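Below is one structure; the comments refer to it alone.
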4 protein chains.
Amino acid sequence: MAGSTFGTIFRITTWGESHGKALGVVIDGCPAGLSLCEADIQKYLDRRKPGQSSITTQRKEADEVEILSGVFEGRTTGTPISLMVRNTSQISRDYGNIATCYRPGHADYTFDAKYGFRDYRGGGRSSGRETIGRVAAGAIAAKILNQLGIEILAYTRSIGPFTIDYTRFDKDAIYSTPTAMPDYETSRKAFDYLQKSREACDSAGGCMECIIKGAPAGIGDPVFEKLDANLAKAMMSIGAVKAVEIGDGTEVSSRKGSENNDAFLMKGNHITKATNHAGGILGGISDGSDIIIRAHVKPTPSIFQTQRTVTQTGEEIELQIKGRHDPIIVPRAVVVMECMAALTVLDAMMVNMSARMDSLEQFYTK
Amino acid sequence: MAGSTFGTIFRITTWGESHGKALGVVIDGCPAGLSLCEADIQKYLDRRKPGQSSITTQRKEADEVEILSGVFEGRTTGTPISLMVRNTSQISRDYGNIATCYRPGHADYTFDAKYGFRDYRGGGRSSGRETIGRVAAGAIAAKILNQLGIEILAYTRSIGPFTIDYTRFDKDAIYSTPTAMPDYETSRKAFDYLQKSREACDSAGGCMECIIKGAPAGIGDPVFEKLDANLAKAMMSIGAVKAVEIGDGTEVSSRKGSENNDAFLMKGNHITKATNHAGGILGGISDGSDIIIRAHVKPTPSIFQTQRTVTQTGEEIELQIKGRHDPIIVPRAVVVMECMAALTVLDAMMVNMSARMDSLEQFYTK
Amino acid sequence: MAGSTFGTIFRITTWGESHGKALGVVIDGCPAGLSLCEADIQKYLDRRKPGQSSITTQRKEADEVEILSGVFEGRTTGTPISLMVRNTSQISRDYGNIATCYRPGHADYTFDAKYGFRDYRGGGRSSGRETIGRVAAGAIAAKILNQLGIEILAYTRSIGPFTIDYTRFDKDAIYSTPTAMPDYETSRKAFDYLQKSREACDSAGGCMECIIKGAPAGIGDPVFEKLDANLAKAMMSIGAVKAVEIGDGTEVSSRKGSENNDAFLMKGNHITKATNHAGGILGGISDGSDIIIRAHVKPTPSIFQTQRTVTQTGEEIELQIKGRHDPIIVPRAVVVMECMAALTVLDAMMVNMSARMDSLEQFYTK
Amino acid sequence: MAGSTFGTIFRITTWGESHGKALGVVIDGCPAGLSLCEADIQKYLDRRKPGQSSITTQRKEADEVEILSGVFEGRTTGTPISLMVRNTSQISRDYGNIATCYRPGHADYTFDAKYGFRDYRGGGRSSGRETIGRVAAGAIAAKILNQLGIEILAYTRSIGPFTIDYTRFDKDAIYSTPTAMPDYETSRKAFDYLQKSREACDSAGGCMECIIKGAPAGIGDPVFEKLDANLAKAMMSIGAVKAVEIGDGTEVSSRKGSENNDAFLMKGNHITKATNHAGGILGGISDGSDIIIRAHVKPTPSIFQTQRTVTQTGEEIELQIKGRHDPIIVPRAVVVMECMAALTVLDAMMVNMSARMDSLEQFYTK
């Protein structure tokens, strides 16, 4: 089916493979009148660009975005925005046994099981490069949200055994450390850990966190289109994510109600909460507090140790993976999480505009 | 928006409020020719029925389902199946301050923020009774899956501090303990814990687990319609769920690649895996192993202790909740999880049928 | 697939068969705060009720609607509105050869071809009674549109060889003639024609027209979600409709551009058009003029003459149809057309609210 | 909203403007394993290419398609196929008053009304060049249908007052006449008519017809996703189409049932019909006969006569249009119609694969 489309009103469709000609995205339903240029998008793509430190893949890609449609005289026209990034570093080489065997932890086997064959070059469509389209589209969603007073911040919460200390939280560190951690001290320890992991031909997992600040109360729809349900889908759709938490997440299952309920209180004229265990969502609808999401990312499956696996023809073999791989996925995935959050929240906000009869009356009868 | 619809081909739309006339669901896209009667559905509804033990609400509801359409001479016709359950136990009473104040941990405030007002009787649409439609529809999905050799099993994994011991796993215990735990010993401890919690005017959280056995490899679609992404959405859409895990879930974030990768191996002619850390899904597509999902459920927010909150008009008050409430949500939610899993997997399987050119050729050119 | 759902934001799902227990509709995405009661809906259902004159079927049905959810204290809550009409006149009888043979002009054969079998009682899901759900939902859409200053008017334009004379157009006649024609004189002639047709054991076709007044300019989306494209789908989805025209419709194909273009001109401060050949839609988007749609309806296929057909087992037979049938479909379908127009336009208007960046800013940043 | 997407399983999203950098389409849900190269698509694009005769616009465009993703080693992989056509002939020029006034019969005014401003260069998104994406995607759908034994044929039925004579029907003429008529004699007359129309600074309308041969019975879904409803939407979504007919279309409204019903009969072991007034669709589902569709196209609104119109600021003016325009839309739109039919039928066929329980059982339990 059409698995590459996300969103109801602000709807994106991504395309492209790791070693194909290009990757891209079509954004349909973007409101008209937004000021937009390539630089708005490029700064997000640059955050996921490979080759920026020793703990990311050494593949070199400029990942330069081109706006092909939907923008006229510097503003969006309301019609589809087509964005494209050409692949430039597809090394022409022998893919060797990757073409004929199944790498553990990868989608090689499942793609073959589904489609009968696969584009095996660099993982094809299941490569992390697929997220280029998400990030390019998410940059636009984030720009719109910013103009509506909403800020989204994602960062690395933990790498292997190292978790950030919130008392040292420093937003600048997200953008200046190779780990994308908002805590310089923990970042240094995690970096050392990753270097050792790399030397041991191994890889590491980690946890990302995302905070959405300034979202109004009332966003999300009851039952199946709950804001947290769509955020969970958005995050779990990022390759390698194996768990998603909202607010206090897994901890709630061992709590008592008296510990977990957030008391409402007044702050001036506004309703707010004494605590935010709920992570900003009640009954699937935003309550005006910070929305808090965590996503747990598995270690990069491409490791340089010898592994057991099987071939397409059912032969058991020992596999030695080559190539250029990230020793950890998280630091480059943080901006993907931020973008998926932006896409989800903006779409829910656009859908929400017709939830009340008085909104329709104000819009259509002046 | 239309938040009450789930699924692409096997598509359900639920409706109804806690204290309205009735609740129900329309299932559209059910394959023709399935043998179906009310008893098939009733046995699932009976598993979520209230009043069955001291640790569920004492509200008495027969929750009897009526098939209104889509079945002829005992078989589904392929047209919409409308199912309805009449409410019979809506006690006519003074809802008191619930109508005018916001219960902590509930959706009262967020519904008001979104819609301007709300049906405050028993939580209206945000009540747990909303899941009747999910379970009625899920019973049909589960019946179809069973005929295709797929079994779905959900149960309580933990309640408060008590987690099941897998070495004592006993499937029968799921249906015969009040906790829905597959471990009699842990169930007894958890039951005692809940009794004490109830006496303390408090409530408890817990964790549910779901295992899908027999699903073929190749189910799910890349990028946004990944099977795990849709399962995450399905589970997070259940009221009170705050975290969803696939396979080893949150644990992967502190792992090394060499620990987390599942080696492929041959078992006779079949490809299988030495371990199943991935929980049966690779790259968003099923790999033929058991699919494993966990959902963490917050403690029932309705507790009988005095709580701080605010009124609709912005006055801070102390709230004393009355009524009939479950001291824990999990045991009755287990069947809801099972049904959401069935709906998600069946829909993905139906969508998958046209993934290959040779499937189309076999179907249309005999 | 899920063929019984219509609309993106204001989304309806209909269900039920001619001789089943009941028929109904779930409306999801209705804005909160609309005053609504059964009488609002009943007056539309009464316009499609059978047994009101000698030129409609003599089947007697009260067709009384019950609101099962989504309305609280007389107002819509924003959650799904479930409406049900019980069938009361399903005469228990021998369906005879209808169960085993294919009536010409009916969907008996195609349902069997698709689903393997069918509910043969009165046409099952392909019966005209299926439109009860459309009309019940459309009544709500029309009420909302009325509050936004939009009026929708559908009527019979022609029956057999008799077409209304617009110089005698009288809106009251639509509701007081058995033909639903807005022209008493033509109505009398058409009525006589239908009486003779009935006596000759035959049936008649006709054309319906619908005018939407007061719709703002700017409704509809480019390319595939054009307003006229969705209106065409809406009308063609009504059983027995075989052609749909917008504005001057089929006539444009023999015209010159100089004859067909509508000049723009000013009327006070407003932009308007000198003529309306376009029927109020340019490039798929409303231009503020009246929106004009016509739908051509085939003669009722159930006629009492002997017809040639085949049985399920491939035997050629002569068929004699019995039962209660409308000698013409049009007069009762006029309200269905009106309702489908209302559903289409309202949904497009709700979707349109987020088309511009300044609309989002006004809505979310006060 | 997302107006640029069409289809449920075989889903396309088009993008691009007349004078932007490029136009294109993303096809998601294409079955894996289809042999595909650029030439398969180019031959369809060449049929809509401008500048091929004196009755098409003299704009010169190579319209060369590039496959950017989704094809590996000559076969589709099941992942999104991205197709792009670069614009090469956007003459840099003064668009003059087109930027500030509203051309009669065009979407200039309605785009401004909706979005607040527009890309005025050559009609932007509302240009006929938008159909490049439809044709590129439709070429793939048609190739798949051909492999399933289904042939789709569209041609010009009438131009101005000249209608083809079916007794002279010659398929070759469709591709060798400048009119795309399957009748050389009528084509010559129509061509003369168009030459005179052009000399008179005027334009002409016409009617296109499409026949789908070999589609199995059982395609399409009841109620809203009827095959004819989706075909009507598909055709009406083509710019300038103002009416759509299925089978005998508008003629049915003046017929009697005894004239209009198609008798079923046996042809060997197969059920067929004595006549085909229904145009191959009964109750919204294909009956195995030829599916027949007609679309009526208005005259090109760009004419070189002086016309009355208004400016964005509300001034009434006289407008003289310049540039390169087709004196008739129909001959180049015929392939668009063919492609929209292919997209609609293929999607319905893919959806149909899960309509029966026994199909699921055959697919999943071998």
*Between copies, how far apart are the A:Y166 label points? List them in nm, one decimal, shortest first, with each point 7 Å from Cα toward Cβ, please?*
3.1, 6.9, 7.6
*Around C:T300, which amide H atoms from residues at least 5 apart in sequence, or from another chain, sit under 5 Å from its own amide H, with H modelled in the peptide plane?*
C:A204, C:I329
*Computed over the range A:1-86: relative contact order in percent, which uses C-alpha pairs under 8 Å that are six or more apart*: 32
*In nm, one decimal, shortest first: how far is the label point of A:T275 (7 Å from Cα along Cα to beta carbon) from the matching points in the other copies?*
3.5, 7.4, 7.8
*If we hang a label 7 Å off Cα along the beta carbon direction at A:D192, how far is it from the matching labels on the other copies, in nm, shortest first?*
4.7, 9.4, 10.5
_Residues whose placed amide H lies under 5 Å from that of C:E64, excluding near-sequence neighbours_ = C:R86
*Please go through the range D:27-108 and write out the GluC sites (Glu not before Pro) that DSSP classes as loop and that have at most 15 other C-beta atoms within 10 Å.*
D:E64, D:E73
*What order do you get for A:101-112, D:315-326 when each peptide is scored by the mean count of other beta carbon atoms within 10 Å, highest first?*
A:101-112, D:315-326
*Just which residue of chain B brings its Cβ nearest the axis of rotation onto chain D, and by how many angstrom, rounded whole?*
B:M353, 2
_the range C:26-142: relative contact order as a whole-number percent, Cα under 8 Å and 6+ apart_ = 30
*Structure-based [θ]222 nm, chain A - -39500 (n - 2.57) summed over DSSP H runs of at least 4, per residue, nearest 500*: -8500 deg cm²/dmol
*For chain B, return all DSSP H helices satisfying: extent of Cα atoms along own axis at least 18 Å; mean Kyte-Doolittle hydropathy at least 0.5.*
B:131-147, B:330-352
*Run the numbers on the range C:165-204: which residues show a drop of 40 Å² or more in accessible area, chain on its own versus all protein chains together, using a 1.4 Å probe over heavy atoms?*
C:D202
*Provide, in order from the shortest bin, the percent of all Cα-Cα pairs of the range C:30-167 in each 10 Å bin, continuing until the bin that contains the maximum pair distance.*
10, 29, 30, 23, 8, 0
*For the range A:210-361, state the average projected area of the convex hull of the C-alpha atoms over all orientations, rounded to one decimal in nm².*
14.0
*Any idea how far apart C:M266 and C:T365 come out in nm if each label point goes 7 Å out from Cα toward Cβ?*
3.4
*Can you give the three extents of the C-alpha atoms in the protein assembly as shown along their principal axes, from longest to shortest, in whole Å?*
83, 69, 69
*Remind me, relative contact order of the range C:5-365 in percent, using alpha carbon pairs under 8 angstrom and six or more residues apart?*
21
*asked:* Give the C-D buried accessible area in Å², both sides summed, 1.4 Å probe, nearest 100.
replied: 8300
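For the range B:99-202, what ratio Rg/Rh do Cα atoms give with a Kirkwood hydrodynamic radius?
Taking Rh as the inverse mean 1/r over Cα pairs, Rg/Rh reads 1.09.
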*Shielding by partners for C:76-89, please: the mean number of other protein chain Cβ atoms within 10 Å of each residue's Cβ.*
6
*Sequence-distant or interchain residues sharing an amide H contact under 5 Å with D:G3, placed H: which?*
A:G29
*Note down the Stokes-Einstein diffusion coefficient of chain A in µm²/s, whole number, using a Kirkwood radius over alpha carbon pairs, 4 °C, and 1.567 mPa s.*
59
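Accessible area per residue, 1.4 Å probe, Å², for the range D:5-365: what's the number?
Spelled out: the 1.4 Å probe surface of the range D:5-365, per residue, equals 30 Å².
Could you please state how large a percent of the accessible area of chain B is carbon and sulfur, counting protein chains only and using a 1.4 Å probe?
It is 48 percent, rounded to a whole number.
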*With each pseudo-label sitting 7 Å past Cα toward Cβ, what's the C:R308-B:K60 distance in nm, one decimal?*
6.7
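The values are calculated or read from the model by the stated rules, or taken from the named source; none is laboratory data. Since the structure is predicted, the reported quantities are computational estimates derived from the model, not experimental observations. A quick note on method: Cβ atoms are made from the backbone with ideal geometry, for glycine too, and the neighbour counts reach across all protein chains shown. In case anyone asks, the SASA skips ligands and DNA or RNA and just uses the protein heavy atoms, side chains included. Shrake-Rupley method; radii C 1.70, N 1.55, O 1.52, S 1.80 Å.
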